[in-house]
Amino acid sequence: MRLCILGGGGFRVPLIYRALLADRAAGRVTHLTLYDLDSTRLRAISRVLAQQAAGVPDAPAVEVTTDLDRALATADFVFVAIRVNGLEGRALDERLAVQEGVLGQETVGAGGVSYGLRTLPVVDRIARRIAAVAPDAWVINFTNPAGLVTEAMSAHLGDRVIGICDSPVGLGRRVSGALGIDPATAIFDYAGLNHLGWLRAVRVDGQDLLPQLLADEDRLTSFEEGKLFGAPWLQAMGAIPNEYLHYYYFNREAVAASRAAVETRGAFLLHQQREFYAAVEARDGSAFDAWDNARLERETTYMAENREAVGAGERSSGDLESGGYEQVALALMRAISHDDRATLILNVRNRGTLRHLDDEAVVEVPCVVGSDGARPLPVDPLPGYAAGLVCAVKAVEREVIEAATTASRAAALRALAIHPLVDSVAVAGRLLDTFQAHFPELDYLR
Ligand code: G6P
Ligand code: MN
């Protein structure tokens, strides 16, 4: 099987390669093509992969290219993991939003809107190329904001594009740990949009174990989401939200923390990665060690601002190594290519699953996956508190898609102004002006 990664010079590619190296099953990936705009980054990542492959028999062959059509031509699976404007763009979104007193996070709030407006024209071109050059390939989207990007790509690729995120699995794993069960034996009733979902039940042999966890305050606050949200709020909802909902439920604290921070998450990662790529380019020490050290530092500091804002303490060590999205991606590829039925939480078109949304809306829900792709499983309806937010944020996503497809500045303004985390139309107007002033990629909005 042949896998192609768009954004192949990206920092997380060795995580995927590690999962590929560990896969000894028949029909595994034997060829990996890395496509990127930046050949320096491709070279650096190839060095890390070569070190990972040393001594592994039949390690997947790696090829690098800066030619998109060539990368796509022979692919059975395409991973889309790009970052328009790189980490510079992420850091700038954060800084400009924070200056206006709102969040600049890459997937949530004003920052997510700006990032989406820059990203959609690029993924639209990519989706058209895939449809033309590799119409039979399965496309797995990692590019954030993942739900929005997957929905935009589905206009060209239909159900052949599937979006993934590691946060629902991570939540399932942590809740299982607190319950003392093996996550493989449980059915997780999780639903919403990407980075905006709720775990409402954990069923083992037909019995929902979540109520007993919610009732036990010590166990409930023993893991990341319990610490972030606190027992009273989880008990009031009767559900455990995705960690990204912290930006909504504790918005004032999150904004205050981002204003007080010495540097934003994007700026921190920008500096860290500049150093990493430069060190590998200069052959300064082991490429793999440089990568692994940077990876661990990145994991340790993940969502540190949110944890600090509510005194949640350090990240648990179990969350640093647990193998997130590459495992979901591998399980998804295997299920499709071997018709090996698996249930995974994925971003797919709604098709009636969540009754508040239309059929084309991309949602994040448990799906059964086989050779015919991913089909959403029925879930309990969203409770009112969740449905309200899901509909509000989907309306924002739709405005972003309209802005990108019709080059409409008015739609972009609506996207910012109606976002639940942008508290004034005046702020939305100023944000759009500043985003356009700093990103030539937004010149298309008229
Ligand atoms: C989680 C999210 C991803 C996101 C990543 C950001 O894994 O699910 O969507 O890309 O965190 O982490 P970072 O280290 O870039 O802040
Ligand atoms: Mn994610």
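Every read-out reported here was derived from the displayed coordinates using simple, explicitly stated rules and does not represent laboratory data. This structure is a prediction, so every number in the text was calculated from the model and none was measured. Using ideal geometry, Cβ is built from the backbone for each residue, glycine included, and neighbour counts are taken over all protein chains shown.
Observations on the structure shown:
- Pair Ile181, Asp443: separation of 7 Å Cα→Cβ label points (nm): 5.6
- Using equal-weight Cα scatterers in the Debye expression, the normalised intensity of region 105-209 in log10 at q = 0.11, 0.23 Å⁻¹ is -0.46, -1.10.
- Two-decimal Rg to Rh for region 244-328 - Kirkwood Rh, Cα set: 1.04
- Theoretical FRET efficiency, 1/(1+(r/R0)^6), r = Cβ-Cβ of Thr30 and Ser317, R0 35 Å, to 0.05: 0.55
- Over 20 Å [Cα-Cα, region 38-101], rounded percent: 51
- Each of Val56 and Ser424 was given a label point 7 Å from its Cα along the Cα-to-Cβ line. The distance between the two points is 5.3 nm.
- Under Karplus coefficients 6.51, -1.76 and 1.60, residue-wise ³J(HN,Hα) of region 32-38 in Hz, glycine/proline x: 10, 10, 9, 10, 7, 6, 10
- Qualifying chymotrypsin sites (Phe, Trp or Tyr not before Pro) in region 175-256, DSSP loop, other Cβ atoms within 10 Å at most 14: none
- FRET E, pair Asp284, Val262, Förster distance 25 Å, beta-carbon r, rounded to 0.05: 0.40
- On full extension, the segment bounded by Ser222 and Arg125 gains 30.4 nm, given 0.36 nm per residue less the C-alpha separation.
- 11 Å beta-carbon shell around Ala239, net charge (K/R +1, D/E -1): -2
- Within-14-Å neighbourhood charge of Tyr35 [Cβ basis; K, R +1; D, E -1]: +2
- Checking every one of the trypsin sites (Lys or Arg not before Pro) in region 1-63 against DSSP loop status and a limit of 11 other Cβ atoms within 10 Å picks out Arg24.
- Positive contributions from Lys and Arg (+1) and negative ones from Asp and Glu (-1), summed over other residues with Cβ under 15 Å from the Cβ of Arg349, come out at -2.
- This ranking places Phe142, Phe439 by how few other beta-carbon atoms lie within 10 Å of each, fewest first, which gives Phe439, Phe142.
- 3J(HN,Hα) along region 134-143, derived from phi through the Karplus expression 6.51 cos²θ - 1.76 cosθ + 1.60 where θ = phi - 60°, amounts to 9, x, 9, 6, 8, 10, 10, 9, 10, 5 Hz, with x in place of Gly and Pro.
- The alpha carbon radius of gyration of region 329-434, expressed as a multiple of 2.2 N^0.38 Å, is 1.34.
- Region 158-201, relative contact order [Cα under 8 Å, separation at least 6], %: 27
- Rg(Cα)/(2.2 N^0.38 Å) for region 43-171, N = residue count: 1.21
- Percent of Cα-Cα distances greater than 39 Å, calculated over the chain: 15
- Sites Ala132 and Arg43, calculated FRET efficiency, Cβ-Cβ separation with R0 30 Å, nearest 0.05: 0.55
- Close amide H partners of Val64, meaning residues 5 or more places away or on another chain with modelled amide H under 5 Å apart, are Leu34.
- Rounded to 5, the percent of DSSP beta bridges in the chain classed as antiparallel: 55
- Qualifying trypsin sites (Lys or Arg not before Pro) in region 217-287, where qualification requires a DSSP coil assignment and no more than 12 other C-beta atoms within 10 Å, comprise Arg283.
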